[in-house]
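The values are calculated or read from the model by the stated rules, or taken from the named source; none is laboratory data. The structure displayed is predicted, hence computed values, not measured ones. Cβ atoms come from the backbone with ideal geometry, glycine included; neighbour counts cover every protein chain shown. These accessible areas exclude ligands, DNA and RNA; they are computed on the full protein's heavy atoms, side chains included. Shrake-Rupley method; radii C 1.70, N 1.55, O 1.52, S 1.80 Å.
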Amino acid sequence: MRRFDAEYLTHTRRGMWEDSREALSALDLSTRERVLDVGSGTGALTRVLREETPGDVVGVDADPQLLDHVEGPAVVGDAFRLPFPDDTFDLVVCQALLINLPEPVDAVREFARVSRDGVAVIEPDNGSVTVESTVDGESALAGEARDRYLAGVDTDVTLGSDAESILTEAGLASVEITRYDHARTISPPYDESDVESARRKAGGSGIATDRETLLDGGLSTEAYDRLRQRWRQMGRDVIEQMADRAYERTETVPFYVAVGQI
């Protein structure tokens, strides 16, 4: 199972559901009495669920350090062996979890075990991410790095668009699916996280973190070094445009919200 730190989760989920929660309507959150958020991480979705649900919302994650960021009920637990009896909740939810698991169908079966009513999965299709940028070449370079990353990662990080079949194979019925596009935008005035992101690009630290995955995706060490050099130059161009308050970037990640009944 792939793991991420709190900084990464906070950055990638920043602003999600702020513009619209219509895609969550199939979850019938206003009627729920007890909801479980599996792989809750730092609690981004947990907080949304608590705002929309009159009942109790419990977070569970395998990483106790991430749960330090979650207020309210949260427990340490494995998605494949949830620490709850059968039929404990009336809805079990996860967000961007199945893409990091080697056997997503088995996890959904476990979700169904502890739910007496429904299971909802909110998963991205990372193969269909788009980037628009005022820096020439950033979109193409991001796409090149993403393609190599997808080729090297050992789980299916594009499964969002196939979420319906995941739930069906796990035994869920009456599956409904809705698409939600999460757009992360950087534009003036820039906050500290925007500036730090540009610094990481210019220093090459972000792409260095993914070095082994990129190599597994077919890059030679020489090709990786060239990619990192171009990435750092792109980062310097971003910083230059930021100094002129001219830099703008929008990354759009398509998420699929699939809900099935027990």
With labels modelled as points extended 7 Å from the Cα through the Cβ direction, what inter-label distance (nm, one decimal) is found for residue 192 paired with residue 116? 4.6 nm
Would you mind getting the Kirkwood hydrodynamic radius of the chain from its Cα pairs, rounded to one decimal in Å? 19.4 Å
Could you work out the relative contact order of the chain, using alpha carbon pairs under 8 angstrom and six or more residues apart, expressed as a whole percent? 22 percent
Between residue 162 and residue 225, 0.36 nm times their residue separation minus their Cα-Cα distance comes to what? 19.3 nm
Please build a GNM for the chain, connecting alpha carbons under 10 Å apart, and tell me which residue among 122, 239, 99 fluctuates the most. 239
Applying 1/(1 + (r/R0)^6) with R0 = 35 Å to the Cβ-Cβ distance of residue 33 and residue 181, what FRET efficiency is obtained, to the nearest 0.05? 0.70
Hydrodynamic calc, the range 23-139: Kirkwood Rh from Cα pairs, then Stokes-Einstein at 10 °C with viscosity 1.306 mPa s, so D in µm² s⁻¹ is 106 µm²/s
Paramagnetic label zone (point 7 Å from Cα along Cα-to-C-beta, residue 154; backbone N under 13 Å) in the range 96-110: 101-103
What is the projected area of the convex hull of the Cα atoms of the range 103-219, averaged over all directions, in nm²? 9.6 nm²
Please give the calculated 222 nm ellipticity per residue for the chain, where each DSSP H segment of at least 4 residues contributes -39500 (n - 2.57) and the sum is spread over every residue; nearest 500 deg cm²/dmol? -11000 deg cm²/dmol
Taking every Cα atom in the range 140-191, find the radius of gyration and the maximum pairwise distance Dmax, and write them in Å. 16.3, 48
Of the candidates 151, 44, 246, which one comes out as most mobile in a Gaussian network treatment of the chain with C-alpha springs shorter than 10 Å? 246
What is the gain in length, in nm to one decimal, between residue 174 and residue 136 on full extension, counting 0.36 nm per residue of separation less the C-alpha to C-alpha distance? 9.1 nm
Read phi for every residue in the range 25-42 and hand back ³J(HN,Hα) as whole Hz from Karplus 6.51 cos²θ - 1.76 cosθ + 1.60, θ = phi - 60°, with x for Gly and Pro. 4, 5, 6, 6, 4, 5, 9, 7, 9, 8, 10, 10, 9, 8, x, 5, x, 7
Peptides 58-64, 124-130 ordered by average Cβ neighbours within 10 Å, highest first: 58-64, 124-130
What's the carbon and sulfur percent of the range 13-71's accessible surface, probe 1.4 angstrom, rounded to a whole number? 39 percent
Sparsely packed chymotrypsin sites (Phe, Trp or Tyr not before Pro) within the range 194-262, loop by DSSP, other Cβ within 10 Å at most 12: none
Report the full-extension gain for the segment residue 216 to residue 239: residue separation times 0.36 nm, less the Cα-Cα distance, to one decimal in nm. 5.3 nm
Highest-fluctuation residue, 223, 142, 173 considered, GNM on the chain with Cα pairs under 10 Å: 223
